[in-house]
Amino acid sequence: MEKIENMIGKRLFSLNFYKDLKLPLGKMSLTKDFVNETRGDIYPVIESSDGLCEKVSGGKYSVNGEVTRLIGRHIPYCTYEMTFDSLNGAGGFSFILPDEKIFAGLKNDGKKLSLVFFDGSKKETFETDLAFAKGTSLLVTARKKNLDCYIKTNGFPQYFCTFCSDSFENIEYSKVFEKCSSCVSILGEGVLSDASFYIDCGISQADIRPIRYENGEILIENGKVFLTASIRMQAECYQGIFAWVPGTADFQLVGALFYDAGDGMWGNDVAASMMYDRNEKVWKLWVCSFSHGHILGHARFESDVRFGVNLLDISLMEKMEDGDENSFLSKMSDEDPDFIYDEKSGKWYMSICRAVTGHDSREYHYFFFESDNAFSGYRFIGRTSCGGAETGGSLLMIDGRLIFACGACFDKRAEYRIYDLFDVDHCTRMRFDYDDGGFRGWGTIIPIKYGNRERFFHLTFDRAGGSDYTWSYGNIYCFELLEE
């Protein structure tokens, strides 16, 4: 077989996931009449007005009056969605804290729709140019103090505004959000055909890596590869886990991962490198902790956290104050870590993307380290020297060779590089039939065995910008690396 660096990437497909992959967390079931149910209070009434009239029939929930019903516990980074058959007044979601109520909803005055918000200290209204139509949906995505509001018509959600509430101060701490309930509220006349909440895939995705075994072999179950990828929102992000049928456009959102560094905060950190170590029978992970000063953290754990919403306890890497940038200490702005175990040498190898002073005042190079264990005792063995802004690097074992693949350069399209781990003074530039997904690209090579053959896929994303937020990014691309 030809060396991987001599192959050419042929485009298989490209995709844009815009809030359309979901990990369901709860919903309001409209198949039974919960209003008149006497043997169970499935959606308890939190608040209601005098003369309230409610009915559940034919998969619809009809309200005339004012009512707030519990739907579940609030989880930061969750999206809440409700769909209206009709609305005269306001309908939306309330978040109930011990001493506060926050409401974000859709209002129909018979002319144009508006988005409304209130908490204990303020009220806000955002006017739209949309008229109400049957099947209109409201989406409210939470992220710490902010609530991003979308209106979905004809199956497509459109972003309109963000409401910020000081009442959600420190909502990312479990001791705060565990006391917060999420509710469905109708203020007026309305008919709901759906109300649910879920973790979604955001407006775009980035930082794609396969979950592997310790030696770099891809972990495959039931024909699916599992990928860690950061979920980008209107602003901010968090770690998603996706299941993918290699070579196809079949992606599923199966999990979300958060991190506690001992302070009780659910850190929404990303760029995880995650593996199952078969020798020790434990899972291992390195991650970039943006929420703790843009340094690295690591964890080992026994349970499988690929599915559902999970919280990991992480240990933060010791910070580098002033010293040798080749040392194994976390320098502020370190990111995109990766690690692998070499069975022949019995050594762990790790790569760290580190900001350095270069020709353009600030560059990003990769630094490589070697150790006898996965999380400590590393010694410096080299750094890349081809210049530019390298990022998204992965350590790979292909045909018995330890190689390193990464993206590079803000000003060059599809600048992907391959290094021999033990000769990082030279690199080979990968080639593609269409040069999309570049500009300091993140190139993930995924080798998959098919019977007696092996196929090599290359997953990447571009930086088109899903929103005005600098780090929102854009689209996903899949290539297959083929011999010429």
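Look at (1) in a loop (DSSP other than H, G, I, E, B); (2) within 27 Å of ALA133 (Cβ to Cβ); (3) under 33 Å from the mean Cα position of the chain (by Cα) and you find that TYR80 fails only one, number (1).
Taking the listed residues LEU312, LEU329, the one that is open to solvent by less than 30 Å² (accessible area, probe 1.4 Å) and not hydroxyl-bearing (Ser, Thr, Tyr) is LEU312, with no other qualifying. Taking the criterion of being outside any loop (DSSP other than H, G, I, E, B), out of contact with any Cys (no Cβ under 6 Å at 6 or more places or on another chain) and open to solvent by 30 Å² or more (accessible area, probe 1.4 Å), the residues of the range 97-132 that qualify are GLU100, LYS101, LYS107, PHE118, LYS123, GLU124, THR125, GLU127. Scoring ALA408 on the criteria (1) free of Cβ contacts under 8 Å to residues at least 60 places away in the same chain; (2) farther than 21 Å from ALA229 by Cα leaves a single failure, condition (2). Taken over the range 37-53, the criterion of being open to solvent by 70 Å² or more (accessible area, probe 1.4 Å) and either of a type in the set (Ser, Thr, Tyr) or in contact with a Cys (Cβ under 7 Å, 6 or more places away or on another chain) (or both) is satisfied by THR38, ILE46, SER48. The set of residues from the range 14-36 being open to solvent by 30 Å² or more (accessible area, probe 1.4 Å) and either part of a strand (DSSP E or B) or out of contact with any Ser or Thr (no Cβ under 8 Å at 6 or more places or on another chain) (or both) comprises SER14, LEU15, ASP20, LYS22, PRO24, LEU25, LYS27, SER29, THR31, LYS32, VAL35, ASN36. On inspection, SER86 qualifies as farther than 18 Å from ASP148 by Cα, surrounded by fewer than 18 Cβ atoms within 10 Å (Cβ to Cβ) and in contact with an Asp or Glu (Cβ under 8 Å, 6 or more places away or on another chain). Out of the residues in the range 218-261 meeting the condition of being in contact (Cβ under 8 Å) with a residue 12 or more places away in the chain and among the acidic types (Asp, Glu), tell me which one is farthest from VAL305 (Cα to Cα). My answer is GLU236. Of the residues making up the range 331-353, those that are within 25 Å of GLU217 (Cβ to Cβ), outside any strand (DSSP E or B) and acidic (Asp, Glu) number 1.
For the range 277-300, the tally of residues that are open to solvent by 20 Å² or more (accessible area, probe 1.4 Å) and in a strand (DSSP E or B) stands at 2.
For beta carbons closer than 8 Å, sequence separation of 6+ or different chains, a first residue in the range 419-434 that is closer than 19 Å to LEU395 by Cβ and a second that is surrounded by fewer than 13 Cβ atoms within 10 Å (Cβ to Cβ), the qualifying pairs are TYR419/HIS426; ASP420/ARG401; ASP420/HIS426; VAL424/SER385; ASP425/SER385.
Any residue at all in the range 54-66 that is over 24 Å from PHE251 (Cα atoms), open to solvent by 20 Å² or more (accessible area, probe 1.4 Å) and either part of a loop (DSSP other than H, G, I, E, B) or free of Cβ contacts under 8 Å to residues at least 12 places away in the same chain (or both)? The answer is yes; a qualifying residue exists. Scanning the range 19-53 for residues that are among the basic types (Lys, Arg) and within 27 Å of GLY255 (Cβ to Cβ) yields a total of 3. Just so you know, in the range 185-225 the residues that are among the acidic types (Asp, Glu) and surrounded by fewer than 17 Cβ atoms within 10 Å (Cβ to Cβ) include one that is nearest to the chain's Cα centre (by Cα), and it is GLU221. Does GLY400 satisfy the criteria of being more than 18 Å from TYR477 (Cβ to Cβ) and modelled with pLDDT under 95? Taking the combined requirement at face value, the residue satisfies it. In the range 317-330, the condition of being within 25 Å of GLY441 (Cα to Cα) and in a strand (DSSP E or B) is met by at least one residue.
The values are calculated or read from the model by the stated rules, or taken from the named source; none is laboratory data. Computed from a prediction, not measured in an experiment: that's the story for all the values here. Quick reminder, even Gly has a Cβ in these numbers, built from the backbone with ideal geometry, and neighbours come from all protein chains shown. For accessibility, only protein heavy atoms count, side chains too; no ligands or nucleic acids. Shrake-Rupley method; radii C 1.70, N 1.55, O 1.52, S 1.80 Å.
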